[in-house]
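Mind looking over this structure? Questions follow.
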Amino acid sequence: MDADPTDLYGLTRPELRSLVEGWGLSPIHADTLWSLLYQGLACSADQLAGLPARVRAHLSAQTRIGCLPVVAGTDSGDGFTRKYLLGLADGERIETVLMRFTGRVTACVSSQVGCAMGCVFCATGQMGYRRNLAPAEIVAQVVHVARALGPLCGTRQLRNVVFMGMGEPLHNYDAVMKAVEILRDPNGLCLGAGRITVSTVGVVPGIRRMADEASPVHLAVSLHAATQDERAALVPVARKWPLDELIDACHHYCSKLGRRIFFEWTLIEGKNDSADHAHAVGALVLGLPAQVNLIPLNPTPGYEGSPSRSDAARRFQRILAEDYGLPSTMRQRRGIDIAAGCGQLAASP
Ligand code: SAH
Ligand code: SF4
């Protein structure tokens, strides 16, 4: 039986060089191919015509580029967000979001098909876990966004990548970190580590591993509650990795790397948006170099809660700033009409 073709997007540059050398060819061809893939954004064999015929023969016999077909693309009414439903080779589907606001272009990528963590207010959690994405499937999403940007404002405009699409990135640690390495390659997409953010529900061993491996990307931790019981009601996996262990891991991360950490807090009316909640989170993260990103709840089919009212959200922000010196941002509600907002991705067209 023939082996599956190797996905080129899943290889680091040294791995691509060894593959080409293994064919008895000069690694220089691997460097040319790398530029065609990540600078030329080649997506079909025709676009590799610049390579010698013997290289192309090996490539077509044993590899594929790994571009993901677009099943559907939807624009939000405000013109700032575009959501892509992308097809995977085994028939599964994922969503990737291109966001363009405040002068920044950001790709929001998925790390899994579905998610096993079960957060009650998240559409991806509501669909359950199907499988991990391979590094090639993660890289392909970013390349897709870069290519889609070309006609709009030039492919080099893509500067930011957030792992805030479908799935829990630290539940697929190795694939996510390998994709990050490929995305950062200076001869390829050349994305700065400081512009890549991995968002986790609080997978404690993954946070500790990022600290111990000195992972260069930013870390955001989805907190949502400042007591163990309240958190476990929203984020079931908090029973496995309790709040005190999570906060210890955050201290370990910040002190080991001398780096700031982001906390995400989905603001749900009457659940976690009172003055007492704001004081509790301020006290919980005291001593950590932190910033809080507040996200008003986006609607999902399986959860009835409402986003906080703007006066409650403002009060929350004010308490964090004035009583705890804790900076915070309020996530703008963009892309909601096309279900492309935080927590709304569930692989439906
Ligand atoms: N699994 C990772 C990353 C994906 S979710 C994580 O949970 O961090 C990205 C962010 O959207 C997380 O902070 C998540 O808690 C938040 N989120 C999920 N569902 C949401 C919803 N319905 N409204 C607003 N934010 C939501
Ligand atoms: Fe998974 Fe994140 Fe959604 Fe929770 S919020 S279910 S961890 S994708």
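Any residue in the stretch 76-87 that is part of a loop (DSSP other than H, G, I, E, B), on the phi > 0 side of the Ramachandran plot and polar (S, T, N, Q)? First the steps, then the outcome.
First pass over the stretch 76-87, keeping only residues part of a loop (DSSP other than H, G, I, E, B): 76-80.
The next check asks that each one be on the phi > 0 side of the Ramachandran plot; those that pass are 79.
With polar (S, T, N, Q) added as a condition, the list becomes none.
The answer is no, given that none of the residues of the stretch 76-87 is part of a loop (DSSP other than H, G, I, E, B), on the phi > 0 side of the Ramachandran plot and polar (S, T, N, Q).
Quick check on Tyr303: is it in contact with a helix residue (DSSP H, G or I) (Cβ under 9 Å, 6 or more places away or on another chain), within 12 Å of ligand 1 (Cβ to nearest atom) and either modelled with pLDDT under 95 or in the same structural domain as His251 (by TED's automatic domain parsing) (or both)?
Numbers: in contact with a helix residue (DSSP H, G or I) (Cβ under 9 Å, 6 or more places away or on another chain): yes; within 12 Å of ligand 1 (Cβ to nearest atom): yes; either modelled with pLDDT under 95 or in the same structural domain as His251 (by TED's automatic domain parsing) (or both): yes.
Against the criterion (in contact with a helix residue (DSSP H, G or I) (Cβ under 9 Å, 6 or more places away or on another chain), within 12 Å of ligand 1 (Cβ to nearest atom) and either modelled with pLDDT under 95 or in the same structural domain as His251 (by TED's automatic domain parsing) (or both)), Tyr303 qualifies.
If you don't mind, there's one more thing I want to ask. Looking at Leu41, Leu85, Leu11, Leu16, which one is closer than 28 Å to Ala347 by Cβ, at pLDDT 95 or above and not assigned by TED's automatic domain parsing to the domain that holds Pro186?
Working: Leu41 fails: at pLDDT 95 or above; Leu85 fails: not assigned by TED's automatic domain parsing to the domain that holds Pro186; Leu16 fails: closer than 28 Å to Ala347 by Cβ.
Going through Leu41, Leu85, Leu11, Leu16 in turn, the sole match is Leu11.
Sort through Gln332, Gln344 and tell me the only one that's over 27 Å from Pro242 (Cβ atoms), touching a Ser or Thr at 6+ places or on another chain (Cβ under 8 Å), part of a loop (DSSP other than H, G, I, E, B) and not charged (D, E, K, R).
Working: Gln332 fails: touching a Ser or Thr at 6+ places or on another chain (Cβ under 8 Å).
After applying the criteria, what remains is Gln344.
Then there is this: Of the residues Ala238, Ala283, only one is within 15 Å of Ile319 (Cα to Cα) and assigned to a helix (DSSP H, G or I); which? Let's see the steps before the verdict.
Details: Ala238 fails: within 15 Å of Ile319 (Cα to Cα).
Only one candidate passes the filter, namely Ala283.
Name every residue in the stretch 193-239 that is buried (at least 18 other Cβ atoms within 10 Å of the Cβ), among the polar types (S, T, N, Q) and away from ligand 1 (no atom under 13 Å from the Cβ), in order of residue number.
The one that is buried (at least 18 other Cβ atoms within 10 Å of the Cβ), among the polar types (S, T, N, Q) and away from ligand 1 (no atom under 13 Å from the Cβ): Ser215.
Consider only pairs whose beta carbons are under 7 Å apart and that are at least six residues apart or on different chains; among these, list those whose first residue lies in the stretch 199-210 and is closer than 10 Å to Cys250 by Cβ and whose second residue is at pLDDT 95 or above and of a type in the set (Asp, Glu).
Here the result reads Val204/Glu245, each pair linking the stretch 199-210 to a residue that is at pLDDT 95 or above and of a type in the set (Asp, Glu).
Could you please find all residues in the stretch 308-317 being under 30 Å from His251 (Cα atoms) and touching a residue at least 40 places away in the same chain (Cβ under 8 Å)? Talk me through it step by step, then tell me what you get.
Keep residues of the stretch 308-317 that are under 30 Å from His251 (Cα atoms), which gives 308, 312-317.
Correct list: Ser308, Ala312, Ala313, Arg315, Phe316.
Further, regarding this structure: Checking the conditions here, which among Leu170, Leu158, Leu183, Leu149 is modelled with pLDDT of 95 or more, under 21 Å from Lys83 (Cα atoms) and assigned by TED's automatic domain parsing to the domain that holds Asn293?
Leu183 is the lone residue from the list that is modelled with pLDDT of 95 or more, under 21 Å from Lys83 (Cα atoms) and assigned by TED's automatic domain parsing to the domain that holds Asn293.
Which residue out of Val20, Val71, Val55 is among the β-branched types (Val, Ile, Thr), farther than 22 Å from Glu181 by Cβ and in a helix (DSSP H, G or I)? Lay out the reasoning, then the answer.
On the way: Val20 fails: farther than 22 Å from Glu181 by Cβ; Val71 fails: in a helix (DSSP H, G or I).
Sole residue among the options that is among the β-branched types (Val, Ile, Thr), farther than 22 Å from Glu181 by Cβ and in a helix (DSSP H, G or I): Val55.
Quick one: count up the residues across the stretch 196-213 that are assigned to a helix (DSSP H, G or I) and within 22 Å of Gly10 (Cβ to Cβ).
Let us first name the residues in the stretch 196-213 that are assigned to a helix (DSSP H, G or I), namely 204-212.
Narrowing the set further to residues that are within 22 Å of Gly10 (Cβ to Cβ) leaves 206, 209-210.
The qualifying residues number 3.
The values are calculated or read from the model by the stated rules, or taken from the named source; none is laboratory data. Since we're looking at a predicted model, the values are computed, not measured. As a convention, Cβ positions derive from the backbone with ideal geometry for all residues, glycine included, and neighbour counts pool all protein chains shown.
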